[in-house]
């Protein structure tokens, strides 16, 4: 399942929005290993100057588990540093968001 939210990478690629894109595979994630679903990834897009989260994408068979926390994150406009410092439970797929 693919779970995109907010601004897309194509908005960054076209130059419409200036920002950075971080991509992290799920293979190192403990929860992915437990479930034997290691082929997915998390991609985090943020605005260049403000570092505000603007477009997470999660690709995994269990992406629906992240609808609520990622929607909340996009609505509340945290910086990627604030998102990374947020407490996550181990093992969880959400830990990959903080690692990204």
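Quick notes on this structure:
- Each label was represented as a point 7 Å from its Cα along the Cα-to-Cβ direction; for residue 72 and residue 22 these points are 2.0 nm apart.
- For segment 1-66, the average shadow cast by the Cα convex hull is 4.5 nm², which is a quarter of the hull's surface.
- The length gained by stretching the chain between residue 14 and residue 51 to full extension, at 0.36 nm per residue less their Cα-Cα distance, is 11.5 nm.
Values quoted throughout were computed directly from the atomic coordinates according to the rules given, and no laboratory measurement underlies them. Everything numeric here is computed off the predicted structure, so don't read it as measured data. Here the Cβ is made from the backbone with ideal geometry for all residues, glycine too, and neighbour counts use every protein chain on show.
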